[in-house]
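A.B. asks: Here it is, the structure, as structure tokens.
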């Protein structure tokens, strides 16, 4: 954390005040509201229709996409709101997945034939708490260690969880995996997908209320500078740990759902390249923007399957390169992430911001200040091969919303 | 001075263990040798990490991938095309350095003025991209790479130390000395240190960061390539092998040594290797009740490594040998 970073304007995640409908702002006409409601209904109805009409294995993939979205939202709390990098998220997801599976088989005595919805809900709650505790421990570490060094700690933490904790014989049933039967009524893939959607809605609601509250504002201010936040009387210690626990809570919910999605939890599901990919999907989605994060995460979960739909592509790949088309997905994800970081720092959220802004009752524009900046060249965007400006103050200040990760950097731990 | 004290302390601990365990077949003696030879590999990768940190103040998560890419290039030229080994080595080093330069131009340069965490995420993305390409091109099959020289190796305390390990230790020592000289005595080395501390101020005195930055990443790729070529023959060649097995211990080694200290990377590497090997020995030697320690908790060496990393960062963030710059 240097003085330079404090002066850099990072955009508020929520829209600025003068953007809200009111006497000074813009408010759509009744027809405008009607159009917006229709579009929203079409979007949500479309998702529902797709989920209902696809075959079972596609429903399973959709529920995986929803689980990824929850994981993305969980990472977003730490990375997007608090500005700290967690490379060990598979630890929290994995711990809670094992806890949930352990609870339903060992304590609730569920079998594949019968498992009450009550014990499922208890398992999710316990798993969420386990995730919160596991992340809270890391939050305590984050009080002393920040930035790059914290990223390193989280990486090692995830690595240890993967190699050591998830290999404990008692936990993994001697390597065979811990069974996690789905609750009665939700055994089918379609029903389970709806269940996942419900939990995504709950997580989105908590996330939205959290960010709009005092807690959310405190966390965002800590991202800017914890020294400045402290001078405003914000309890930096408590809110940092709280943000980590919140992230762990979401990861716990995702982990529990993941356990029931897989119905058998093995340590292979939580290797560390997974958690690196999760970081990338949040970055591609757009840090600190929950709509973008959900879309980005769902995309990362689905595109390995989506590209195999089109058989022409499959055949082209097999005939030309003699490779399984699945391997190409290993390249596409990181490539998108590199592109996002360099050229489109706002991620998907930035690209679709006119749509989301319009849907929330504002103008269809990329610029939250109501179109004053339209027509001006995008000075903040820097081309790949353009030379860097010698005048350091010019580019960044013009367009504020180009910061990927916040300023709480702490290059000296 | 501190370097000498820390080295002496580590040597004394090793000597003590060796003397106490002398003649004991199940004792830790062989593990001391394993630890030092493993630690040399960690140190080799850690030197590249330290170089990038000194030059750009960022943790380079792609450092391990430089090694894997070099190993795959060597495999391609040596095993697949049947060219002589030394041709493969030269091609591997050259291609990896070119990849490093390309990474600097495309990924690092646009992000130089962004927060370091952004650059860190970019290096992660680049590493995953490299792993993805390795999967696409070489498929996830086990491959083997020839060692530089075939030979008997020497047996120390029942453990056979093959020539590759001896070469690794030698190369590491040489690199630590050369780079230490480079950063403290030459103009270019001092210029690199300057840009890492205050890019704006160095520009004021006429050192262009556009000149320095390719040099840093090119040398990092060079060091990574050497590490990969030397390390991979001691194990199997699979996509992402160096990142998976060496990167985290190497980071721990670099942090232990102080992140900015080149001798520190070497000392830290050996220390991490020893910590891992000895905890490996202890977890298979001691038991609670009727079960060995590793029966309760698998992979104790990595747990000990995390504890060591946490302890050093909480208690002494500047590391054993770290100084500012």
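A.B. asks: Can you say whether residue B:310 is surrounded by fewer than 21 Cβ atoms within 10 Å (Cβ to Cβ), under 21 Å from the mean Cα position of the chain (by Cα) and within 12 Å of chain A (Cβ to nearest Cβ), as far as the supplied structure shows?
C.D. replies: For residue B:310, the condition - surrounded by fewer than 21 Cβ atoms within 10 Å (Cβ to Cβ), under 21 Å from the mean Cα position of the chain (by Cα) and within 12 Å of chain A (Cβ to nearest Cβ) - is met.
A.B. asks: Then there is this: Hey, among the residues in region B:64-84 that are more than 27 Å from residue B:213 (Cα to Cα) and part of a helix (DSSP H, G or I), which one's farthest from the other protein chains (Cβ to nearest Cβ)?
C.D. replies: Going through the qualifying residues, I end up with B:78.
A.B. asks: Specify the residue that is modelled with the lowest pLDDT; the eligible residues are those in region B:198-214 that are in contact with a helix residue (DSSP H, G or I) (Cβ under 7 Å, 6 or more places away or on another chain) and within 17 Å of residue B:101 (Cβ to Cβ).
C.D. replies: Restricting to residues being in contact with a helix residue (DSSP H, G or I) (Cβ under 7 Å, 6 or more places away or on another chain) and within 17 Å of residue B:101 (Cβ to Cβ), the top hit is B:209.
A.B. asks: With a cut-off of at least 1 residues that are facing another protein chain (nearest Cβ under 10 Å) and at negative phi, name the helices (runs of 4 or more DSSP H) lying wholly within region A:235-349. So that I can check it myself, show each step before the final result.
C.D. replies: On the way: elements: A:236-262, A:272-285, A:290-306, A:311-321, A:326-342.
Counting at least 1 such residues, we get A:272-285, A:311-321, A:326-342.
A.B. asks: Quick check, is residue B:137 in contact with a helix residue (DSSP H, G or I) (Cβ under 6 Å, 6 or more places away or on another chain) and surrounded by fewer than 20 Cβ atoms within 10 Å (Cβ to Cβ)?
C.D. replies: Numbers: in contact with a helix residue (DSSP H, G or I) (Cβ under 6 Å, 6 or more places away or on another chain): no; surrounded by fewer than 20 Cβ atoms within 10 Å (Cβ to Cβ): yes.
Criteria not met by residue B:137.
A.B. asks: So which residues in region A:155-168 are surrounded by 24 or more Cβ atoms within 10 Å (Cβ to Cβ) and more than 7 Å from chain B (Cβ to nearest Cβ), if there are any at all?
C.D. replies: Those that are surrounded by 24 or more Cβ atoms within 10 Å (Cβ to Cβ) and more than 7 Å from chain B (Cβ to nearest Cβ): A:158, A:161, A:162, A:166.
A.B. asks: Residue under question is residue A:122, and the condition is that it be more than 14 Å from chain B (Cβ to nearest Cβ), surrounded by fewer than 24 Cβ atoms within 10 Å (Cβ to Cβ) and assigned to a helix (DSSP H, G or I); does it hold? Before you say what the answer is, go through the steps one by one.
C.D. replies: Numbers: more than 14 Å from chain B (Cβ to nearest Cβ): yes; surrounded by fewer than 24 Cβ atoms within 10 Å (Cβ to Cβ): yes; assigned to a helix (DSSP H, G or I): yes.
It is true that residue A:122 is more than 14 Å from chain B (Cβ to nearest Cβ), surrounded by fewer than 24 Cβ atoms within 10 Å (Cβ to Cβ) and assigned to a helix (DSSP H, G or I).
A.B. asks: Of the numbered conditions (1) surrounded by fewer than 22 Cβ atoms within 10 Å (Cβ to Cβ); (2) modelled with pLDDT of 85 or more, residue B:151 satisfies every one except a single condition; which is it?
C.D. replies: Exception for residue B:151: condition (2).
A.B. asks: Shifting gears a bit: Looking at region B:116-130 only, could you name the residues that are more than 7 Å from chain A (Cβ to nearest Cβ) and farther than 14 Å from residue B:213 by Cα?
C.D. replies: B:123, B:127, B:130
A.B. asks: To continue, here is another question. Look at region B:258-269 and say how many of its residues are farther than 19 Å from residue B:196 by Cβ and more than 14 Å from chain A (Cβ to nearest Cβ).
C.D. replies: Just the residues of region B:258-269 that are farther than 19 Å from residue B:196 by Cβ, to begin with: B:266-269.
Next cut, more than 14 Å from chain A (Cβ to nearest Cβ) only: B:266-267, B:269.
So the count comes out to 3.
A.B. asks: Here is a list: B:58, B:87. Which entry is out of contact with any strand residue (DSSP E or B) (no Cβ under 9 Å at 6 or more places or on another chain) and more than 14 Å from chain A (Cβ to nearest Cβ)?
C.D. replies: None of the others qualify; the one that does is B:87.
A.B. asks: Go through region A:221-252 residue by residue and tally those that are under 18 Å from residue A:73 (Cβ atoms) and at pLDDT below 90.
C.D. replies: Residues that pass the stated criteria total 1.
A.B. asks: Another one. So if I check each of B:238, B:255, which one is closer than 27 Å to residue B:144 by Cβ and within 13 Å of chain A (Cβ to nearest Cβ)?
C.D. replies: B:238
A.B. asks: Moving on. Among (1) buried (at least 17 other Cβ atoms within 10 Å of the Cβ); (2) on the phi < 0 side of the Ramachandran plot, where does residue B:190 come up short?
C.D. replies: Only one criterion is unmet by residue B:190, namely (1).
A.B. asks: Of the conditions (1) over 19 Å from the mean Cα position of the chain (by Cα); (2) at pLDDT 85 or above; (3) surrounded by 21 or more Cβ atoms within 10 Å (Cβ to Cβ), residue B:195 fails just one. Which one is it?
C.D. replies: So the condition that residue B:195 fails would be (2).
A.B. asks: Counting just the residues of region B:98-115 that are buried (at least 22 other Cβ atoms within 10 Å of the Cβ) and more than 14 Å from residue A:338 (Cα to Cα), which one comes out nearest to the other protein chains (Cβ to nearest Cβ)?
C.D. replies: Going through the qualifying residues, I end up with B:115.
A.B. asks: Further question: Residues being outside any helix (DSSP H, G or I) and closer than 21 Å to residue B:262 by Cα: count how many of those fall in region B:180-208.
C.D. replies: The qualifying residues number 2.
The values are calculated or read from the model by the stated rules, or taken from the named source; none is laboratory data. Since this is a predicted model, take the numbers as computed values, not measurements. As a convention, Cβ positions derive from the backbone with ideal geometry for all residues, glycine included, and neighbour counts pool all protein chains shown.
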